Each structure stands twice: as structure tokens, then as C-alpha cells.
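Below is one structure, written out as C-alpha cells; comments come after it.
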Amino acid sequence: MSTVAKPLAGIKVLDISRVLAGPWCGQMLADMGAEVIKVERPQSGDDTRHWGPPWLSGSNESAYYLCANRGKRSVTVDMAKPEGQALIKQLAAQSDVVLENFKVGGLKKYGLDYASLKALNPGLVYCSITGFGQQSPYAHRAGYDFMIQAMGGLMSLTGKPDSESGGGPVKVGVAITDIFTGLYAANAVLAALYQRRDSGEGCHIDLALMDVQVGVLANQALNYLTSGQVPQRLGNAHPNIVPYQAFATADGHMIVAVGNDEQFRRFCQVIDQPQLAQDERFATNGSRVQHRDTLIPLLELALGAQPTDTWLSAFEAVGVPCGPINTLDRVFDDPHVKARGLKQTLPHSQAGEVNLVANPIRINGESISATTAPPTLGEHTDSVLNAIGITDEQRLALRQAGII
């Protein structure tokens, strides 16, 4: 049992978001100790509950749903019905934070928009996650991670050049824009809660997937803004550092991540090509970037002569950053991953137990990950509604009417 003091203990979060970006934010807040109540549709729940296979053995839970809902409590409420809206308003009145990712204006007809809930709870921190934000020429559009990776420029940077076999734009292998948006949302919520300590006032946080995608273009955005040159796809190579890419070996592939000129000198000694580090075309990172097309074939030839593990041992011995390209079975069998406890096993009400990925944040040497599994649909409806004064008889009537 963790002894880490949970920094958000006592904070109540009403999570009426679905799929990934909003739930990822809610999971982060739950890991930090907040009480997160996940409001879902009766019978069907969060869309991701149906995004399988694979399914957790012994249950009807999809792996996708399990990845983003650790530590929460599930309540089923039909917000399309007035009685359901009244229940959500009661919960919001007692909450510190509301998370939602409906289309712009979509909650107003239910009286669950920021203005309506602020009137009930002036200290409420209300976080809206949409594709394009509250004010945008695209505000009416739905936003999906894949589409935003394309529109926001990420896919123009990911994949092999058109001139190579298999060239063309490629999305990242996980919904990275959704995840980044969830992390930005969690940061924004924490900042708003901190500000509220002094002002007593809540606020409306407006987060757009498109804004986040542009915001995390990082060095590639600045490469363009600084030079006026549009960056092109480089496969596994780096636009600003050489050599910093994947290489074929005698029995597979590995990555080399040379970050400075001294590392390059040691790299050249290991591959028995010390003269390359003395060549004025390759002696500095700037010159290596300029002469990339000449240098890389020479390195490919040298690295193809030995198996991956031989190179990894030799480079690690002299402090040259490198690593294997692991499949996920090897990832979770890695000594580091095991030592850091990144695979987390928790009790599950249907399956007995469930394997999850732990939160990577550690405080005083311990993980902050929540210690309860993602909830089954409506698992906590009775206990949560009982806590706001909804009696057994009232809940029975609501259930018979399909409201909960």
C-alpha cells in the first residue's frame, strides 16, 4: 500500500467526458488523489467500452476503456432527461472540477454548460475539450485525433520521404494528440485550482485538440518559423541532429542518439572509423546535418557488420546513447520497467484482477497511481447518489424509468 500523500485528496471531479482526451485528464487527477466520478450513459456507457477486442478475460471490459479510467467511480445517468440533468447538477454543485468534451454548445440545451453550472457553483473549474475550441471558424466541427494529427502538421513530419519505398505520411501509433490534450488539461485544472485558493472563483478552461497539436510541434515548428523552410519527413532520422536515427544491424535494428560532438567521436571509435570524427564534413553536429546524405551510408555500412547486442554493449560501455527497438512483450519484460513498477495489477470486480500501466510520476520514491481498477459500468451509481441524498426508493424509481 502506497504511503505517498495524495496532493489532490479532497478535490472532487465530475468527469462527463468520453473516449480519451478528457478521460486521460480525469485519470491523471484520480492518480493524484482526487475523487473522480465518471458519468456515463445507462446501458452503453463510454464509447470505448465497446472498442474491442481485446477484452479483459472474465469481463466485458475493453482494453481501450481500461487504459484511461483507473481510479474513478462510475455513475450511469441519462443527461437527455430532465431528471438526469437534475442529478448531474446536484453532483456539479458539490464538485470542484467538471470535465467535458461535447461539441461546442452541446451541453447548453441540458443546462450543463459552464454558465449554467457556474450559477450553481461559482468556484467551479470547468474544463471543455473540443476539436477546435470555443471560438474558431471550425468550432462546429467534431475533432478526432487522427484527423487532428493530419491537420495539425504531425503527419507531414512522420513517415518516410515520398522518394523512398513506403514513403508517405503516417500517424503516430497511439492517439498522441488526445493524450497530450489530456495532460495539458490536467495542468490547466491544477493551475485553476491553485488560482482559486486566492480568488475563490472558478473559471472556464478552453482546450482544443488542434491547438495542442500545433503547440507540441516543438522544434519542428521553430525550424519552420525560424527558417521559412517547410520541414520534410525524414523517417526515423532527426532534422537537427546527426546521427540520431534507426540503423539496421546484422540481425535487426537499433537506434543511435548521438547528442554532441564528443559522443560522435566515441561512436566513431567503437565502429572502428575514428577518421570520420576528424573529417571537417562530420566534425561538428552542424556539419553532420549539412552532409547527412554522405555520412549516413558510411555509418549504415559499418553498423550492418555486427548484431544489435554487440553494438549495444560496446556503445553503452563508452556512454554513447543507444537502444533496441522493443516490441511490447520485451518492453514489459525489461528490467527497468519491472524495477519501476510500470505494470500495475489491481483487483477487478468481474475479472478478479486487471493489468494496467502505472502512472510514471513518483513522489518520494513511490508511484502516485490510483489503487482501484477502472470501474465497471454504473458500479458506483448507488453509493454516489446516496451520498447526495437520493434515497433507495428514489433510485429505484429512477432506475425503472431508465434515468440511471
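The values are calculated or read from the model by the stated rules, or taken from the named source; none is laboratory data. Worth saying up front: this structure is predicted, and the values here are computed from it rather than measured. Every residue, glycine as well, gets a Cβ built from its backbone with ideal geometry; the counts of neighbours run over all protein chains shown. Note: accessible area is taken over every heavy atom of the protein model, side chains too, but ligands, DNA and RNA are not part of it. Shrake-Rupley method; radii C 1.70, N 1.55, O 1.52, S 1.80 Å.
In segment 120-139, how many are within 18 Å of Ser17 (Cα to Cα) and either open to solvent by 40 Å² or more (accessible area, probe 1.4 Å) or acidic (Asp, Glu) (or both)? Working first, answer last.
At the first step, the residues of segment 120-139 found to be within 18 Å of Ser17 (Cα to Cα) are 124-134, 139.
Remaining after also requiring either open to solvent by 40 Å² or more (accessible area, probe 1.4 Å) or acidic (Asp, Glu) (or both): 134.
The number of residues fulfilling the criteria is 1.
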Filter result for the condition that a residue is β-branched (Val, Ile, Thr), out of contact with any strand residue (DSSP E or B) (no Cβ under 9 Å at 6 or more places or on another chain), more than 19 Å from Asp78 (Cβ to Cβ) and touching a residue at least 24 places away in the same chain (Cβ under 8 Å), over Ile390, Ile363, Ile368: Ile363
Any hit, segment 170-177, residues being open to solvent by less than 40 Å² (accessible area, probe 1.4 Å), among the β-branched types (Val, Ile, Thr) and in contact with a strand residue (DSSP E or B) (Cβ under 9 Å, 6 or more places away or on another chain): no
Residue that is farthest from Cys25 (Cα to Cα) [pool: residues in segment 169-213 that are in contact (Cβ under 8 Å) with a residue 12 or more places away in the chain and part of a loop (DSSP other than H, G, I, E, B)]: Pro169
Tabulated pairs, segment 215-230, first within 19 Å of Ile148 (Cα to Cα), second surrounded by 10 or more Cβ atoms within 10 Å (Cβ to Cβ) and small (Gly, Ala, Ser), C-beta under 6 angstrom, 6+ apart or interchain: Leu217/Gly153
Strands (runs of 3 or more DSSP E) fully within segment 319-380 counting 2 or more residues that are under 20 Å from the mean Cα position of the chain (by Cα) and under 30 Å from Ile255 (Cα atoms): 343-348, 352-357
Any pair with Cβ under 6 angstrom, 6 or more apart, that starts in segment 240-261 at a residue that is in contact (Cβ under 8 Å) with a residue 60 or more places away in the chain and ends at one that is crowded, with 20+ Cβ neighbours inside 10 Å and in a loop (DSSP other than H, G, I, E, B): Val256/Pro243; Val258/Pro243
Residue under evaluation Glu35, criteria (1) under 19 Å from Tyr126 (Cα atoms); (2) in contact (Cβ under 8 Å) with a residue 60 or more places away in the chain, criterion not met: (2)
Every residue from segment 384-404 that is under 36 Å from the mean Cα position of the chain (by Cα) and open to solvent by 60 Å² or more (accessible area, probe 1.4 Å): Asn386, Ala387, Arg399
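List the strands (runs of 3 or more DSSP E) that sit entirely inside segment 1-119 and contain at least 2 residues that are within 21 Å of Thr372 (Cβ to Cβ), modelled with pLDDT of 95 or more and open to solvent by 10 Å² or more (accessible area, probe 1.4 Å).
35-40, 72-76
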Output for segment 357-370, where each listed residue is open to solvent by 80 Å² or more (accessible area, probe 1.4 Å) and of a type outside the set (D, E, K, R): Val357, Pro360, Asn364
Tally of residues being among the small types (Gly, Ala, Ser), free of Cβ contacts under 8 Å to residues at least 60 places away in the same chain and touching a Ser or Thr at 6+ places or on another chain (Cβ under 9 Å) across segment 338-355: 2
